[in-house]
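Here the structure is laid out as structure tokens; the discussion comes afterwards.
Every number here is computed from the coordinates shown, using simple stated rules; none is lab data. In this text, all values refer to a predicted model and were calculated from it rather than measured experimentally. Methodologically, a virtual Cβ is constructed for each residue, glycine included, from the backbone with ideal geometry; neighbour enumeration extends over all protein chains shown.
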Amino acid sequence: MTSAPTILTATAERFANVEFDSVLGDVVARAPREDVVGFLESVRDAGYEMFIDLCAVDYLVRDPRFDVVINVVSLAESSRLRVIIGVPGTDSTMPTITAVYPGADFYEREAFDLFGIDFSGHPDLTRILLPDEWEGHPLRKEIAIGSVPVQFKEANKAQ
Amino acid sequence: MSKPSDTVPGDLETPDAAEGASPADPDPATGDRRTVHDLWLSGTESPRQLGPFTDEGAQEMLPEESGQILSSQLGTIVEDDFEGSAGSGDEELQIINMGPQHPATHGVLRLQIELDGETIRRVKPIIGYLHTGMEKTAEELTYMQGSTNVTRMDYLSPLHNELCFSLAVEKLLEVEVPPRAQAIRVLMSELNRIASHLLWSATSGFDIGALSMMIYGLRERESVLEFFEKVTGLRMNHNFIRPGGVAADLPAGWQQDVTGIIETVTAGIADFETLLMGNPIFIERTQGIGILTREECFAYGVTGPLARASGIDYDVRKVFPYSGFEQYEFEVPMMSNGDVYDRFVVRFEEMRQSMRILEQVIETIPAGDYRTEDRKVTPPPRARIDESMEALIHHFKIFTEGFKVPPGETYQAVESSRGELGMYLVSDGGSKPWRLHVRGPSFAHVQALPMMLTDSLIADTIATIASADPVMGDVDR
């Protein structure tokens, strides 16, 4: 746990199962999904006050299949922290972090929309970019480009 | 059905109706009503020749359209996307839809607004009308093609998108970019910031009622776009900044062009400030409107000029410098009220600071390569292909398969015109990204619109949206 930034020393001690690492100069913390809300709360109180980003990545053959990646910034320390949460493909749920960072609202909806990750406890987990009646989650790797018929394709058949 | 013999053809004042007994008059008994088309055809030989132009025929319901769809289109049914019942029994609340086709939402942004009289009680931004799956497309394009894709996301600051993508790829490749390429990148991205802010000042001034701002702002922006055209060949979507450097060196005489831009824009901004900032109507419409507090900015990931107008000293160029920004001197303008007026002040000052950077680039730009000489990334010069087998192989590999990027993941951020533009790039070791996530600043700003709008007046909505400056291509991707 030596690679945890100094302002997170207490947090790293409290959450012993969170692995800190340094990847290409970025501080990365891998947190188990059960602890994510408590961990982020501690991180926020330690000074990482600015929510920047949340996104999902589908690794398809890896276990756990999905990564949910959260980016936060501490202005006082000029430091970025990336929190990565592994989410298995068979049970693609994780607790929402909107209670800690309200700005995660739209980002979680986007991850749900495009990857089908279910953020339990989210106030309004609906599709955000795609139409409500869309089936499937197109940024998952098993969905290839062109495999989903889109509306205007029917235009040629009608003639 | 024939016209009276004394009718002059084309004379619309032929008093058919006044005479009351004209043969062209409809017979009230048969229900044959006059339509607007009869008036248009009054000069022709026989007005009814062109068929039954009755309003019933034109508006007949299509057979497959159900009554539900039709009444929804006509507005008799208002479909409510809100959670729970709107207004919870209070009949005074009404819901209006603003957009997606609204000139002042700057794209296809739709706001569902719950109104209590003229006061906004709840707002729900509805986005996705411009979603074209660009993040999925990015997984199908090689790293070399990738910048053509990302440049189309935030179409008002394309060079920032390209810069962010290139920096992320270079970070994974661990490729060093020559100092001249870095300086060209700084020059182009700062010019892009000026162009974007000028367009913003034009449209938001226009939205608030300063109609001449539309012309003035676009006129000054044109000087920047002309320079872009000279350098990159295109006015938008340049694909100029690429992994490994930039596409071409600056053309001869670029220093004069940039100096000319600085002169034009400096004079322009002075004019705009005289036109807007001292104007009592403008002040009335912008001060104390659309306020975002410091805490709200932190919580909702609001960055860029909006955060700086709320007193947050956050500029990616200063906090996490990239592309050699640490060697240039510039200030980060800040205000503290977080209202629309302060955002104007911050953006005008930001343009001045960008021009300071431009002046420093002109003075300090080093000579050298405009792209890395690493042949795994940069295609060899055309002449070398005829001489060297190695060069031919590199050229072939780069343009068929694309160069490979070592496995890994990285998050790269740049300060775009709107705020922090971040890209999370995951490589599996192939020649295409495994995943490219784009963190657009406008996405966070649209999300924060309810914070700015709730409990304000409906008339302030336009000024607030304009000050947030969302680009829907960046939001929906």
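Can you sort B:Arg219, B:Arg435 so the residue with the fewest Cβ neighbours within 10 Å comes first? Don't skip to the answer; put the middle values down first.
Working: B:Arg219 13, B:Arg435 23.
Least to most surrounded, the residues fall as B:Arg219, B:Arg435.
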Q: Determine the percent antiparallel among the DSSP beta bridges restricted to region A:6-158, to the nearest 5.
A: 75 percent
Q. Roughly what percent of Cα-Cα pairs across region B:134-476 reach past 36 Å?
A. 21 percent
**Q.** Unit charges at the beta carbon, dipole of chain A: most positive-side option, A:Phe15, A:His122, A:Leu139
**A.** A:Leu139
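Which of B:Lys171/B:Lys432; A:Lys141/B:Lys432; B:Lys376/B:Lys432; B:Lys230/B:Lys432; A:Lys141/B:Lys397; B:Lys318/B:Lys376 have a Cα-Cα distance over 24 Å?
Details: B:Lys171/B:Lys432 15 Å; A:Lys141/B:Lys432 14 Å; B:Lys376/B:Lys432 15 Å; B:Lys230/B:Lys432 31 Å; A:Lys141/B:Lys397 26 Å; B:Lys318/B:Lys376 32 Å.
As for pairs spanning more than 24 Å Cα to Cα, those are B:Lys230/B:Lys432; A:Lys141/B:Lys397; B:Lys318/B:Lys376.
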(Q) I want to check the label-to-label distance for A:Asp91 and B:Glu363. Put each point 7 Å from Cα in the C-beta direction and report it in nm to one decimal. (A) 6.3 nm
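Can you sort B:Ile385, B:Ile269 from fewest to most other Cβ atoms within 10 Å of each residue's own Cβ? Walk me through the numbers before you get to the answer.
Numbers: B:Ile385 17, B:Ile269 21.
Starting with the residue having the fewest Cβ neighbours, the order is B:Ile385, B:Ile269.
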Q | Shape category assigned to region B:363-444 from the gyration tensor of Cα positions, a/c cut at 1.5 | A | oblate
Q. Rounded to the nearest 0.05, what FRET efficiency do B:Glu263 and B:Ser336 have when you use their Cβ-Cβ distance and R0 = 30 Å?
A. 0.40
Q. Amide H neighbours of B:Gly245 under 5 Å, counting only residues 5+ apart in sequence or on other chains, H built in-plane at 1.01 Å?
A. B:Thr372
Q: Take the alpha carbon atoms of region B:383-451, find their center, do the same for region A:55-117, and report the distance between the two centers in whole angstrom.
A: 21 Å
(Q) Suppose a student asked you for the relative contact order of region A:6-158, using Cα pairs under 8 Å spaced at least 6 residues apart; what percent would you report? (A) 18 percent
Q | Estimated inter-spin distance, A:Ser22 and B:Lys397, nm [label 7 Å along Cα→Cβ] | A | 3.1 nm
Q. If you project the alpha carbons of region B:172-328 onto the principal axes, what extent comes out on each, in Å, largest first?
A. 50, 37, 25
Q: Calculate the radius of gyration of the Cα atoms of region B:286-367 to one decimal place, then report Dmax, the largest Cα-Cα distance, as a whole number, both in Å.
A: 14.3, 49
**Q.** When region A:6-158 is reduced to its Cα atoms, the Kirkwood hydrodynamic radius in Å
**A.** 16.7 Å
Q: Hey, can you grab everything whose amide H is under 5 Å from the amide H of A:Asp53? Only 5+ residues off in sequence or another chain; H modelled, so Pro and N-termini drop out.
A: A:Asn71
Q.
Can you compute 3J(HN,Hα) from phi for each residue in region B:235-250, using the Karplus curve 6.51 cos²θ - 1.76 cosθ + 1.60 with θ = phi - 60°, rounded to whole Hz and x for Gly and Pro?
A. 8, 9, 6, 6, 6, 9, 8, 10, x, x, x, 10, 6, 8, 6, 5
Q: Rounded to whole Hz and in sequence order, give me ³J(HN,Hα) for region B:168-173 from the Karplus expression 6.51 cos²θ - 1.76 cosθ + 1.60, θ = phi - 60°, writing x for Gly and Pro.
A: 5, 5, 5, 5, 5, 6
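How would you rank A:Ser42, B:Ser416, going from fewest to most other Cβ atoms within 10 Å of each one's own Cβ?
Details: A:Ser42 19, B:Ser416 30.
Going from sparsest to densest Cβ surroundings: A:Ser42, B:Ser416.
Could you calculate the contour length gain from A:Thr126 to A:Glu34, that is, 0.36 nm times the residue separation minus the distance between their Cα atoms, to one decimal place in nm? Can you show the working numbers first?
Details: separation 92, 0.36 × 92 = 33.12 nm, distance 2.28 nm.
Answer, rounded to one decimal: 30.8 nm.
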(Q) Output wanted: per-residue J couplings in Hz (rounded whole) for region B:208-219, from phi through Karplus 6.51 cos²θ - 1.76 cosθ + 1.60, θ = phi - 60°, x for Gly and Pro. (A) 7, x, 7, 5, 5, 4, 4, 6, 5, x, 5, 5
Q. Across region B:309-436, how large is the tail of the calculated P(r) beyond 20 Å, expressed as a percent of all Cα pairs?
A. 64 percent
